[in-house]
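Enquirer: Can you keep this structure in mind? I'll have questions shortly.
The values are calculated or read from the model by the stated rules, or taken from the named source; none is laboratory data. In this text the structure is predicted, and so the values were computed from the model without any measurement. Here Cβ is always computed from backbone atoms with ideal geometry, including for glycine, and neighbour counts include all displayed protein chains.
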Amino acid sequence: MRSTETVRFPKFQRRTLLMSRPFLTVLIVAALWIAASFAKPGFGAFGHLRYLVELGAVVGLAAIGQTFVVIAGGIDLSVGAIITVSAVGVPLVSFAGDESGAFAALITLAAATVIGALNGIGVALLRAHPMIMTLAMATFLQGLLILLAGGSAVSAQSPLLEWLGSARPTGVPAGVLVWAVASTLSLIALHATPFGARVFALGANSLAATLSGVNVRSTTVAVYAISGLTAGMTGLLLLGMNGQGYVGIGDPYLLSSIAAVVLGGTSILGGSGTYAGSIPGAVLLVTITALITVVNASPGWRSILFGSLILALLLVSGRESRRR
Amino acid sequence: MTPAPTLAARGVSKSFFGNPVLRDVSIALHPGRIHALLGENGAGKSTLINILSGALLPDEGVVEIDGRSFRGLNPRDAHRAGVAVVQQELGLTSQLSIAENIGLGALPRRYGLIDYRCLARRARAAMDLVGLDEDLATPVGDLPLGRRQMVEIAKALFREPRVLILDEPTSSLSAHEVETLTSLLDRLCAKNVAILYISHRLNEIMRVCQHVTVLKDGVVTADRSIEGVEAADLVRLMVGRDTGHLFPAWTPTTDRDPIVSVSGLSAGVLRNIDISIRRGEVLGVGGLVGQGQEDLLLSLYGALPASARTAEFNGRAKLPSSVRKANALGLAYVPADRKREGLHLIHNIGWNLMLPSFARAFGLSLRDRTKERALASALADRFTIKGDLTRQVQALSGGNQQKVALAKWTPAEPQVLLLNDPTRGVDVETKREIYALLRRLAGEGKAIVLSSSDTPELVHLCDRVAVMREGRIVATIEREALSEEAIVAASMGADLMRTAA
Amino acid sequence: MSAAGSAPRLYWPAQRQRNRGVKGLLTVVAAFLALYAYLFPGLISVSGVAKFSQSWLPLVLVSMAQAILMLAGGVSLAIGAMVSLGAVIAATTMAGPLGVAGGAALVMVAGLVTGAACGIVVVRLGLPAIVVTLAASFIVGGAALLILPRPGGAIPAWLSDSLAGETPVAALLVILAVVLWKLYLATPLGLSLYAAGENSVAAYRAGVPVDSARIAAYAVSGLLSTCAGLFVAAQTGSGDPVIGEAFTLNSIAAAVLGGVGFLGGRGAMRGAVAGSLLLSVMINVMYFLGFPPVAHYIAQGLIIVGAVALPEFTARRSSP
């Protein structure tokens, strides 16, 4: 019995782990950190690395939803706009009785989730191309924001936001804690639930998924809703860390979220990948940005390096992308 | 002495993934002769055409053009030598005008620009040949299917070919258009063009062609002048393969009350179909390719919007409106194109086996890996899928992939199993296993609908066979009357039945 | 060849047929234009046309750049970066020893080469266009920042005056762009674009140069984008390395509004041109009616979704 079991499902091979893209990304991050600590004293200091991970948490949270959407075969270009909405929207929904700010945060997250679900409805029911649908949503939100916030920065203080931005229970920044919890939950959802399997099925072959009885519509709506939710969380975290929100605060995180997903080895064509790769992907991204700042590269070089990196990684995994 | 053939294949063999499709086939196309190529679905006709036009390389044998042999013929060489193919599936650009489509790939140019006047003149000439009187500027997207087929033929003529290969050109043409085509072929013939004509319509072939090659299971069974041949002889040459011990011995089950009955079903190309599926039977669905068999299965499965006058599914009086509802009613569907519709190729075997369960389960429950593994192993054992289940499905052979596509439904215990050509591209051993499985399931009281392009399969496995033509069921043949001749005759239309009778 | 006088007419009738798909859109555009002219009678004057076409020209160029790729079955997220690149090259070279002609030539060469490079990566290596052009947007945008780290540089005043002054040169340039596009479509390579986008396998079998047509489309797209950048620089009199950013989204919006589909081979360039005109007029009208300058974002978002959803609804109703 034992032996047939191992024929059917061979024991976990150490080589499989060593060859996997998430692990490769972790290695790159580690190598970069070690090399940079030798080259520049202070880079490897605990405080600095902790700061990097804290920055990584912002990108990483936004990448959660993006990972779900990309694995399901779509793309969410409204992540940046939703982040801004939630960062700017909190003061608008704050009310007197809400001492801790928790209600305002919940309302904001609910709104972000609804926005995401609307994206999903557009993609699943109107059959709009994901790029068009989320782009239109981003444009719409951008206008709405300027109308609501009037273009000036808003600041919001509440105990919850303060905790998010500056608390360090047992030395770990609160943002990183939130990220860790959210990551665990999404890894479970993706890899240990039937829902996660449906997401993979949808992205790998939506026709076969439909014929196998997968409810493609509800799954699509759900992944975009998740993307809205995590973008909303990102917005709250940013607001906490920055102390104020302004229109455009979320913009850099759209491309970073996509880059983190791609760097982590998730196929941009959908159907395969894991959030376990996006985690080191997000840290790699902020590390590269920090390194480029350390070596005093100009923003131009920074951008060129960044783009070349995406292209290089794409070429490495190119074989897989031609499978269709 | 007869002149040398313009295009010929000599001793050509070809196999795909170890399945021989053509074995030592020779064919010679002579100028000024219309040559028919006949054979059942899967006899190797398309492969032969692709080899003749350079789209595929043979494993053995050579293609000769004007007596010169080519080892590695490619489409461009064939093109230059004057070989033009009218494919079965259309490859036109709907946005562009008829004339632009006809010229694409061989556009006349002047000063680097397209010479629209020259194009107009030559396109008009080609259109006149096939009897297209539409305006040159009409976008192809506006044309009905039959007219598009004529544009495709005009496109081939535009290049002034010396060899014209027509793959089922008349399948979507009206009687009038067929008439035009026939007289066109006669005229081309007079101009010494060599023509290869593939069609399923026997009476048409008898009328138009002078020579016939019949393929059966990748082997030439006849290569002779058409004079003095009876349609019934041709049918006999196409069918009647040696089935050996492929099929299990079985006796019809007695428990045969209907589990699904639908009347007045319309969907896709289906028009007003009455069908009833009984417990314990294998109901065959036959006919030429693309007569609505797939639409029938899909509409029963809730995957195609359909309407029906009355419907009863497993005691419920309604057509399932979605795949999930069909699954809940006890239906399961195994598609013909397992790579595109049946399986998730990049995922592993175990995962594929579990997918229908994932689709049914509550989304946010936790998966039990131990249980999944045990179930997947049990399924793999039962269907004799060997080895490691963590391999990607695309690593499996066609036969094993088909087993996965079948096995994944077993845990759902479907009462009605809809199978679309389950043995296409499957090796003999797997075929035998699938046949045995189907009869066993029927013996357990399940209802099985087997749509197949393989006629012997229908004859030896089914309790009844419904033959479809142009979106209708034209005949339902009971077991006592089942024979390959009967099915082929019914699928090709009434006038053959008279000839064959 | 000379006997062609009696040949059946083809070119113009084929062009007219392609108008049918955009008739509805053209009506809407005409209505908006009429409204604008009613609200702002100054539009119907030389300087009115000049001002309006100046606001429209960059948008129409990037919309064409995007539509070419979408017709060929691709898409570009690097349009904005290319516009910035064109702007900074123009602003750093034209006032220097190269002069206006040299600078303009450099702008065009940069567009063609960068575009073709993108095309080669996408077509020859078979990589997804979205990610390749996303990476390209960083690389090209970075190059623009290297050339001109902060807004500056200069465009000779006479050039700014002639392109963006009181004379309607911009309107003439729109016409020129359309004429050149027509000429391009009248070449075998240009016409192959449609076939490559709709059914590339069948087109390849019929001998259509599918790969070359798609790479050429990327090159032409790059050229149009950098030219838009040149014009933007002339308008502002200087270069700005991030001035193009908004154009990526706007170009997609205009092309989608014009009925150009994402899957290739659907829609026509005239649709994209009309789409960009609609966006442009809409922004002007809303501005004129006193809407806050941001309301057009909302309208734009709603219109894009509407444009996509409408065909879906009508298709669903017509099929049982």
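Enquirer: Return yes or no: is residue A:267 in a loop (DSSP other than H, G, I, E, B), among the hydroxyl-bearing types (Ser, Thr, Tyr) and out of contact with any strand residue (DSSP E or B) (no Cβ under 7 Å at 6 or more places or on another chain)?
Expert: It is true that residue A:267 is in a loop (DSSP other than H, G, I, E, B), among the hydroxyl-bearing types (Ser, Thr, Tyr) and out of contact with any strand residue (DSSP E or B) (no Cβ under 7 Å at 6 or more places or on another chain).
Enquirer: Within the stretch B:380-410, work out how many residues are in contact (Cβ under 8 Å) with a residue 60 or more places away in the chain and crowded, with 16+ Cβ neighbours inside 10 Å. Spell out how you get there, then give the answer.
Expert: Looking only at the stretch B:380-410, we keep the residues that are in contact (Cβ under 8 Å) with a residue 60 or more places away in the chain, and these are B:397-398, B:401-402, B:404-406, B:409.
Pick out the ones that are also crowded, with 16+ Cβ neighbours inside 10 Å and you get B:398, B:401-402, B:404-406, B:409.
Residues flagged as in contact (Cβ under 8 Å) with a residue 60 or more places away in the chain and crowded, with 16+ Cβ neighbours inside 10 Å within the stretch B:380-410 amount to 7.
Here's the yes/no breakdown for (1) out of contact with any Pro (no Cβ under 8 Å at 6 or more places or on another chain); (2) farther than 27 Å from residue A:84 by Cα:
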position	(1), (2)
A:256	yes, no
A:274	no, no
A:277	no, no
A:280	no, no
A:297	yes, yes
A:300	no, no
A:315	yes, yes
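Enquirer: Which numbered condition in (1) under 30 Å from residue C:50 (Cβ atoms); (2) buried (at least 20 other Cβ atoms within 10 Å of the Cβ) is the only one that residue C:154 fails?
Expert: Failing condition for residue C:154: (2).
Enquirer: Another question, then. Just to be sure, is residue A:213 within 14 Å of chain B (Cβ to nearest Cβ), of a type in the set (Gly, Ala, Ser), within 25 Å of residue C:126 (Cα to Cα) and buried (at least 24 other Cβ atoms within 10 Å of the Cβ)?
Expert: Here the answer is no, as residue A:213 does not meet what is asked.
Enquirer: Name the single residue, out of those in the stretch C:117-136 being over 19 Å from residue C:80 (Cβ atoms) and surrounded by fewer than 19 Cβ atoms within 10 Å (Cβ to Cβ), that is modelled with the lowest pLDDT.
Expert: C:126
Enquirer: Turning to a different aspect of this structure: Only one of these is among the aliphatic types (A, V, I, L, M) and away from chain C (no Cβ under 14 Å): A:304, A:226. Name it.
Expert: The match here is A:226.
Enquirer: Since residue B:440 meets every condition but one in (1) at pLDDT 90 or above; (2) crowded, with 19+ Cβ neighbours inside 10 Å; (3) away from chain A (no Cβ under 14 Å); (4) part of a helix (DSSP H, G or I), which condition does it not meet?
Expert: Against the list (1) at pLDDT 90 or above; (2) crowded, with 19+ Cβ neighbours inside 10 Å; (3) away from chain A (no Cβ under 14 Å); (4) part of a helix (DSSP H, G or I), residue B:440 comes up short only on (2).
Conditions (1) without any contact (Cβ under 8 Å) to a residue 60 or more places away in the chain; (2) out of contact with any helix residue (DSSP H, G or I) (no Cβ under 6 Å at 6 or more places or on another chain); (3) farther than 14 Å from residue B:261 by Cα; (4) more than 11 Å from chain A (Cβ to nearest Cβ), marked per residue:
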| residue | (1), (2), (3), (4) |
| --- | --- |
| B:288 | no, no, yes, yes |
| B:302 | yes, no, yes, no |
| B:311 | yes, yes, no, yes |
| B:314 | no, yes, no, yes |
| B:318 | yes, yes, no, yes |
| B:325 | yes, yes, yes, no |
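Enquirer: Then there's this: Search the stretch C:138-149 for residues being within 7 Å of chain A (Cβ to nearest Cβ) and in a helix (DSSP H, G or I), and hand back the single one that is farthest from the chain's Cα centre (by Cα).
Expert: Looking at the filtered set, the residue picked out is C:146.
Enquirer: Would you check if residue C:123 is more than 14 Å from every other protein chain (Cβ to nearest Cβ) and farther than 19 Å from residue A:300 by Cα?
Expert: no
Enquirer: Condition first: of a type in the set (Gly, Ala, Ser), within 14 Å of chain A (Cβ to nearest Cβ) and within 12 Å of residue C:81 (Cβ to Cβ). Can you find one or more residues in the stretch C:106-116 that meet it?
Expert: The answer is no, given that none of the residues of the stretch C:106-116 is of a type in the set (Gly, Ala, Ser), within 14 Å of chain A (Cβ to nearest Cβ) and within 12 Å of residue C:81 (Cβ to Cβ).
Enquirer: Next up: Just to be sure, is residue B:134 within 12 Å of chain C (Cβ to nearest Cβ) and either aliphatic (A, V, I, L, M) or surrounded by 20 or more Cβ atoms within 10 Å (Cβ to Cβ) (or both)?
Expert: So residue B:134 does not fit the description; no.
Enquirer: Only residues that are facing chain B (nearest Cβ under 7 Å), without any contact (Cβ under 8 Å) to a residue 24 or more places away in the chain and either in a loop (DSSP other than H, G, I, E, B) or hydroxyl-bearing (Ser, Thr, Tyr) (or both): list them for the stretch C:193-212, please.
Expert: Matches in the stretch C:193-212: C:206, C:207, C:208.
Enquirer: Does the stretch C:277-303 hold any residues that are touching a residue at least 60 places away in the same chain (Cβ under 8 Å) and either more than 15 Å from residue A:139 (Cβ to Cβ) or among the charged types (D, E, K, R) (or both), and which are they?
Expert: Residues satisfying the conditions are C:277, C:280, C:281, C:284, C:285, C:288, C:289.
Enquirer: Restricting attention to the stretch B:345-352, does a residue exist that is aromatic (Phe, Trp, Tyr), at negative phi and at pLDDT 90 or above?
Expert: Checked against the condition, which is being aromatic (Phe, Trp, Tyr), at negative phi and at pLDDT 90 or above, the stretch B:345-352 yields at least one hit.
Enquirer: It is to be established whether one or more residues within the stretch B:332-352 are closer than 17 Å to residue B:408 by Cα, part of a helix (DSSP H, G or I), away from every other protein chain (no Cβ under 11 Å) and not hydrophobic (A, V, I, L, M, F, W, C). I'd like the intermediate steps shown before the answer.
Expert: Looking only at the stretch B:332-352, we keep the residues that are closer than 17 Å to residue B:408 by Cα, and these are B:332-352.
Those still in the list that are part of a helix (DSSP H, G or I) too: B:338-342, B:349-352.
Narrowing the set further to residues that are away from every other protein chain (no Cβ under 11 Å) leaves none.
Within the stretch B:332-352 (the criterion being closer than 17 Å to residue B:408 by Cα, part of a helix (DSSP H, G or I), away from every other protein chain (no Cβ under 11 Å) and not hydrophobic (A, V, I, L, M, F, W, C)), the answer is no, since none of the residues qualifies.
To keep it simple, each residue is scored yes or no on (1) modelled with pLDDT of 85 or more; (2) basic (Lys, Arg); (3) within 27 Å of residue B:7 (Cα to Cα).
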residue	(1), (2), (3)
B:109	no, yes, no
B:113	yes, no, no
B:136	yes, no, no
B:143	no, no, no
B:150	yes, no, yes
B:155	yes, yes, yes
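Enquirer: Output yes when any residue across the stretch C:157-172 is assigned to a helix (DSSP H, G or I), surrounded by fewer than 22 Cβ atoms within 10 Å (Cβ to Cβ) and of a type in the set (Ser, Thr, Tyr), and no when none is.
Expert: Within the stretch C:157-172, one or more residues are assigned to a helix (DSSP H, G or I), surrounded by fewer than 22 Cβ atoms within 10 Å (Cβ to Cβ) and of a type in the set (Ser, Thr, Tyr).
Enquirer: Could you please find all residues in the stretch A:270-299 being within 14 Å of chain C (Cβ to nearest Cβ), at pLDDT below 85 and part of a helix (DSSP H, G or I)?
Expert: Of everything in the stretch A:270-299, those that are within 14 Å of chain C (Cβ to nearest Cβ), at pLDDT below 85 and part of a helix (DSSP H, G or I) turn out to be A:288, A:289, A:292, A:299.
Enquirer: Sort out which residues of the stretch B:64-83 are without any contact (Cβ under 8 Å) to a residue 12 or more places away in the chain and not in a strand (DSSP E or B), and write them in order of number.
Expert: The answer is B:71, B:80.
Enquirer: A further question follows. Check off (1) surrounded by fewer than 24 Cβ atoms within 10 Å (Cβ to Cβ); (2) free of Cβ contacts under 8 Å to residues at least 40 places away in the same chain; (3) more than 27 Å from the chain's Cα centre (by Cα) for residue B:146 and give me the number that stays unchecked.
Expert: (3)
Enquirer: For residues in the stretch B:84-108 being assigned to a loop (DSSP other than H, G, I, E, B) and among the hydroxyl-bearing types (Ser, Thr, Tyr), which is surrounded by the fewest Cβ atoms within 10 Å (Cβ to Cβ)?
Expert: Going through the qualifying residues, I end up with B:94.
Enquirer: With the requirement that a residue be more than 25 Å from residue B:374 (Cα to Cα), under 21 Å from the mean Cα position of the chain (by Cα) and modelled with pLDDT of 85 or more, what does the stretch B:384-437 give you? Break it down into steps so the answer makes sense when it comes.
Expert: Step one: filter the stretch B:384-437 for residues more than 25 Å from residue B:374 (Cα to Cα), giving B:416, B:418-429, B:431-432, B:435.
Next, only the ones that are under 21 Å from the mean Cα position of the chain (by Cα) stay: B:418-428, B:431, B:435.
The answer is B:418, B:419, B:420, B:421, B:422, B:435.
Enquirer: Find all pairs meeting these conditions: Cβ atoms under 7 angstrom apart; at least six residues apart or on different chains; first residue within the stretch B:267-283 and over 11 Å from residue B:472 (Cα atoms) and not assigned by TED's automatic domain parsing to the domain that holds residue B:478; second residue β-branched (Val, Ile, Thr) and not in a loop (DSSP other than H, G, I, E, B).
Expert: none
Enquirer: Oh, and also: Take residues that are within 14 Å of chain C (Cβ to nearest Cβ), acidic (Asp, Glu) and surrounded by 15 or more Cβ atoms within 10 Å (Cβ to Cβ) and tell me which of the helices (runs of 4 or more DSSP H) falling wholly in the stretch A:81-183 contain 3 or more.
Expert: Because the criterion is at least 3 residues that are within 14 Å of chain C (Cβ to nearest Cβ), acidic (Asp, Glu) and surrounded by 15 or more Cβ atoms within 10 Å (Cβ to Cβ), no helices (runs of 4 or more DSSP H) in the stretch A:81-183 meet it.
Enquirer: Can you tell me which of A:248, A:264, A:240 is small (Gly, Ala, Ser) and closer than 19 Å to residue A:200 by Cβ?
Expert: A:264
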